Amino acid sequence: MKSIKILSVTISILLLCSCGQNSLCENTFFAMDTVMDIKIYGDKNIMSEISSCISDADRAFDRNNSDSEIFKLNISKNLEISPETAALIQKAVAVSEDTDGAFDITIAPVMDLWGFYNQQYHVPDTVSLNSALACVSYKNIFFSGNTVSLSGGASLDLGGIAKGYLSDKLCDIIKSHNISSAIMSLGGNVYCVGSKPNGSKWTIGIRSPKNNAELLCSVNVSDCAVVTSGTYERYFERDGQRYHHIIDPKTGLPVDNNLASVTVICKDGTRADALSTALFVMGIDKAFEFQKKSHDFEAVFIKNDNSIYITPGIEHDFSADSYKILN
Ligand code: AMP
Ligand code: MG
């Protein structure tokens, strides 16, 4: 599995070969357990830099890979890590503080219990769940320069933020090559660099949680991340019940609050990724209160019955057959 993954990252498939200056270059990668599609209107030579950036991030943040910093930190509980990874963990902790722990990267032992990391899914018993939950708290993460310490048995899972971080890094690379039009789709994380080559905004579809192949609504954006967290992205079923991968750090259970997906629209891809997970956990009412105080992002909430609720600031760039504006 691992060798296939590394191979897929290394030998990415060049889909369009006729790439000259400002023509479309598209490349597909498999990393962070998801398919990543990158479309760039510009010089194809940038793709090798993009490919190494994806491989590096895949290796650095995969807590199952014994070469990764996160794996080593989870084992040793005290490690000097790269300034970039330390900064990312700090950013994750800041979101935890802002969201009263709805977002918490110390969720790792609970994710393991449910089997989300090796796909050996099962429903944990209460005793095991409670002992794993006892290790979950972002307050168990300490920093001294770039040395990170984990107390109380904590271990880290960056699955809720790493793709957003990668989108920001790729965006920096693309912009450093003076490319003003590109779009990346990293699993549920879309990042639009600039506008479309004709100068209009990108239209990003948001999937119907009931049918992945159907787009329920869309947002028009430029230079912005559009990140969706949804129950349909990763789940398993047992005895007719669906268990998905967004976990409430207070209960250790998949969040069950009638939300099916949350999309965050924000200039900062890392923050958008962390917030889409956090807002999902918070539920629509708390999430909207939080959004009103934050001023740096908009959001689209889809409930289990496919009804859509949006924050007021996105209205002019939003389309759907029917929706409600939160107020
Ligand atoms: P996303 O698809 O961005 O919502 O991220 C979901 C992933 O984040 C899961 O597969 C876990 O790896 C991790 N995760 C699940 N619940 C949480 C949470 N409450 N806080 C932080 N990370 C989480
Ligand atoms: Mg996320």
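The values are calculated or read from the model by the stated rules, or taken from the named source; none is laboratory data. All of these numbers come straight from a predicted model, not from anything done at the bench. Here Cβ is always computed from backbone atoms with ideal geometry, including for glycine, and neighbour counts include all displayed protein chains. SASA here: full protein model, heavy atoms, side chains in, ligands and nucleic acids out. Shrake-Rupley method; radii C 1.70, N 1.55, O 1.52, S 1.80 Å.
If you roll a 1.4 Å probe over region 185-297 with all protein chains in place, what percent of the accessible area is carbon or sulfur? Answer for region 185-297 is 44 percent, counting heavy atoms of protein chains only. Direction-averaged projected area, Cα convex hull, region 32-115: 7.6 nm², rounded to one decimal.
About the centre of its Cα atoms, region 222-263 shows a dipole size close to 100 debye [charges on the beta carbon of Lys, Arg (+1) and Asp, Glu (-1) only; nearest 20 debye]. Straight Cα distances below 25 angstrom link Lys175 to the lysines Lys39, Lys44, Lys91, Lys163, Lys196, Lys201, Lys267, with same-chain residues fewer than 8 positions distant left out.
Rounded, prolate or oblate for region 65-104? Axes are the square roots of the Cα gyration tensor eigenvalues, ordered a ≥ b ≥ c, and the cut-off for rounded is a/c under 1.5. Taking the square roots of the gyration eigenvalues as a ≥ b ≥ c, region 65-104 is prolate.
Rg over Rh for region 246-307 works out to 0.95, using Cα positions for both radii and the Kirkwood form for Rh. Its convex hull of Cα atoms gives region 119-195 a direction-averaged projected area, equal to a quarter of the hull surface, of 8.1 nm².
The amide H of Gly42, built 1.01 Å from its N in the peptide plane, has Asn22, Ser23, Cys25 as neighbours under 5 Å, considering only residues 5 or more places off or on other chains. The Cβ shell under 12 Å around Phe116 holds other residues with a net charge of -2, Lys and Arg each +1, Asp and Glu each -1. Taking a cut-off of 25 Å, what percent of all Cα-Cα pairs in region 224-327 are separated by more than that? More than 25 Å apart: 17 percent of the Cα pairs in region 224-327. Shape class of region 141-180 from the Cα gyration tensor (axes a ≥ b ≥ c, square roots of the eigenvalues): oblate, since a/c reaches 1.5 or more and a/b does not exceed b/c. With the charge dipole of the chain set up from +1 on Lys and Arg Cβ and -1 on Asp and Glu Cβ about the Cα centre, the Cα lying farthest toward the positive end among the listed residues Val227, Asn211, Pro197 is that of Pro197. Decide, for the chain, between rounded, prolate and oblate: order the square roots of the alpha carbon gyration tensor eigenvalues as a ≥ b ≥ c, take rounded if a/c falls under 1.5, and otherwise choose prolate if a/b is larger than b/c, else oblate. Oblate, since a/c reaches 1.5 and b/c is not below a/b. Computed from phi, the 3J(HN,Hα) profile of region 185-198 under the Karplus parametrisation 6.51, -1.76, 1.60 (θ = phi - 60°) reads 10, 10, x, x, 9, 9, 10, 9, 9, x, 10, 5, x, 7 Hz, with x in place of Gly and Pro. Using the membrane-span-like helix rule (whole DSSP H runs, Cα extent along the own axis of at least 18 Å, mean Kyte-Doolittle hydropathy at least -0.5), which helices of the chain qualify? In the chain, the long hydrophobic H runs are 46-61, 83-98, 162-176, 269-282. Ranked by the mean number of other Cβ atoms within 10 Å of their residues, highest first, the peptides 223-229, 282-288 fall in the order 223-229, 282-288.
Taking the Cα centre of the chain as reference, the dipole from Cβ charges on Lys and Arg (+1) and Asp and Glu (-1) amounts to some 180 debye.
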